[in-house]
1. Give, as ranges by residue number, the residues of the stretch 122-163 whose backbone N falls under 19 Å from the point 7 Å along Cα→Cβ of residue 277.
2. Which residues among the stretch 255-287 fall inside the zone where the amide N is under 11 Å from a point 7 Å beyond the Cα of residue 233, along Cα→Cβ?
3. Give me the distance in nm between label points sitting 7 Å out from Cα along the Cα-to-Cβ direction at residue 152 and residue 100, one decimal.
4. Sort the stretch 189-287 into rounded, prolate or oblate with this rule: let a ≥ b ≥ c be the square roots of the eigenvalues of the Cα gyration tensor; rounded if a/c is under 1.5, and if a/c is not under 1.5, prolate when a/b is larger than b/c, oblate otherwise.
5. Obtain the nm distance between the two label points defined at residue 201 and residue 117 by a simple spin-label model: each point lies 7 Å from its Cα along the Cα-to-C-beta direction.
6. Residues of the stretch 83-119 with the amide nitrogen closer than 17 Å to a label point 7 Å from the Cα of residue 60, along Cα-to-Cβ, please.
7. List the relative contact order of the chain as a percent without decimals, with contacts defined as Cα pairs under 8 Å and 6+ residues apart.
8. Considering only protein heavy atoms, what per residue accessible area in square angstrom results for the stretch 202-243 with a 1.4 angstrom probe?
Amino acid sequence: MATTTVRRRRAALAADLATLTMVLGFAAGPAEAAPPPKADYVALGDSYSAGTGAGPFSPTSNCVQTKGGYVDIVGNTGRVNFLAKKACHGALLTDEGDVSPIPTVLEQIGDSSAALSAAKFVSITAGANDVDFSSVFVACANPLSDCSAAIANAEGKFAGLASKLMVTYQALRMAAPTAKIVVLGYPHLFDAAVGVPGIDQVALGSITSATDALNSVIAYSATSAGAQFVDMTGRFAGHEANSSDPWIVFNGNFVDPTNLHPNKAGHSLGYASALMEAAKPAQLARQ
């Protein structure tokens, strides 16, 4: 009887010690999985990549950037190692004949050479400023202006734009020899079928056609340089500035710098989502 009691007490003590060991985390078990590798990322370009529209516009330097844009969203996914964000609101591709203090995309490339040499992927939006595309909207939205002349003026710059794009993409490839380069296009700003009060419906259609022509030049130049072009028009379909669920800022104020840029939803559900699908950072990190 005494022996049985002792055995029971020893068994109970052993069970208590086992439980205590597990609680304290001493129990043997499978090793924790290593965190997945991250892909090194660099962002270049104009206002769309600088985050304009995602929050308050604060011009505190020559290179104005807004927090919360698609670049920041991708950088905070936990799947990338954010090396550099050099995109600036109003940036041109090159400084040919330009006296603006805003760093051009070529200058952005030069300023981030170390980061680019290590990058697994690079994103860029650029080209609209080089053909003064904003003037197309201003002219077409104003019944007293000549919409057709503004579009013709922009399209007359397309040949020069293609040349500048090629120079830029080639410089980027030299700076980032092993990186995947993702060139993001521009969305349709308006749905011409819906209409906008005060703006001629034919003019809205002209703006859409001009956007398509601009994207075509960018797409051709990007693919010719070995970069991947991502069309944003389909992703923003049904989310134009005059839709019931807009992803584009439109307040009628032509001098507001956030006007006609992606809003928070446009940056997140539009551009960030498109970039993650195109870049596939998890795959790049394992290469």
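1. Output list for this probe position: 122-125.
2. Residues passing the 11 Å test: none.
3. 2.6
4. prolate
5. A separation of 5.8 nm, rounded to one decimal place.
6. From the stretch 83-119, the list is 85-89.
7. 20
8. 36
The values are calculated or read from the model by the stated rules, or taken from the named source; none is laboratory data. It should be emphasised that the depicted structure is a prediction, and the values quoted were computed from it without experimental measurement. So basically every Cβ, Gly included, is an ideal-geometry build from the backbone, and we count neighbours across all protein chains shown. In case anyone asks, the SASA skips ligands and DNA or RNA and just uses the protein heavy atoms, side chains included. Shrake-Rupley method; radii C 1.70, N 1.55, O 1.52, S 1.80 Å.
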